[in-house]
Amino acid sequence: MDWTLAIDRHRDALVRMVAALLVMAVGGEAMPRHVRTGIWRVLRPAESAFRRLVVVVKLVLKIEASMAVARGGPVAVIAGDSQGVTRVPAFALFDARKSFKPRSAWRGRKPQPNIRFFDEVQVFEPVVVSSPDDEVSGAQLMRRLSALQAALSDVPKQARRLARWEAKREAGRAETGKYIAPIRPGKPPGHRDRGRHPVDFVLKDCHALALYALHDPPDTG
């Protein structure tokens, strides 16, 4: 397999998608609800696809923790503040863990009887119905979108970050007996069985590449 071609093709696809999302996110901190929802539907699987791409790059480049020394570089700027510089948040290289907490067994009516009296005055609160055009905050979305955009600009750097984090978690296994891999078992976050957006196919390909590389490490020597 031509690993370099596969990595570059999927990275370029993600770069184009992020650029399109940034165009949609005009307004930044505040945007219509339907716009924020549409961006989230693409951003979540794009983040998952990139995490898997970073795993592949780490294995292809054979990056070890001893090689993944911190390297200085220019500070990315996304907005001005009192100092004139705002740092882009670091991209989350590990999948969010699945929650296995049991859900509440009862979500219906309360067990006690509802008693009403004929002379009782009932006050009903007005029902507020949200509209797709309501203005909502997009601050969290913009932080994650900026983090993904910055990470895509230097994939080997993210692979070195991953190697350092994996080394720390491997060292902690001796004390806690627990180790959390960057890719969680099962379907990746943002996966849609019947997804038809291009990001769904990129996520599917990147997930398959990562699993293949993990079980059969690429020999690029």
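The table for this structure:
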| quantity | calculated |
| --- | --- |
| Phi to ³J(HN,Hα) by Karplus 6.51 cos²θ - 1.76 cosθ + 1.60 over the range 19-28, Hz, x for Gly, Pro | 4, 5, 5, 5, 5, 5, 7, 5, x, x |
| Long-range HN-HN contacts of VAL136 with modeled amide H, under 5 Å | MET31, ARG33 |
| Estimated FRET transfer efficiency (ARG192, SER130; beta-carbon r; R0 22 Å; 0.05) | 0.40 |
| Under Karplus coefficients 6.51, -1.76 and 1.60, residue-wise ³J(HN,Hα) of the range 140-154 in Hz, glycine/proline x | 5, 4, 5, 5, 6, 5, 5, 5, 5, 4, 5, 5, 5, 6, 8 |
| C-alpha center-to-center spacing [the range 4-54, the range 127-184] in angstrom | 13 Å |
| The range 202-212 - phi-based ³J(HN,Hα) in whole Hz, Karplus 6.51/-1.76/1.60, Gly and Pro as x | 5, 4, 4, 5, 5, 5, 5, 4, 5, 5, 5 |
| Residue-span extension gain [GLU29 to ALA139] - 0.36 nm each, minus C-alpha spacing | 39.1 nm |
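Any read-out appearing in this document is the output of simple, stated calculations on the displayed coordinates, not a laboratory observation. None of these values were measured; they are calculated from a predicted model. Note that each Cβ is placed from the backbone with ideal geometry, even for glycine, and that neighbours are counted across all protein chains shown.
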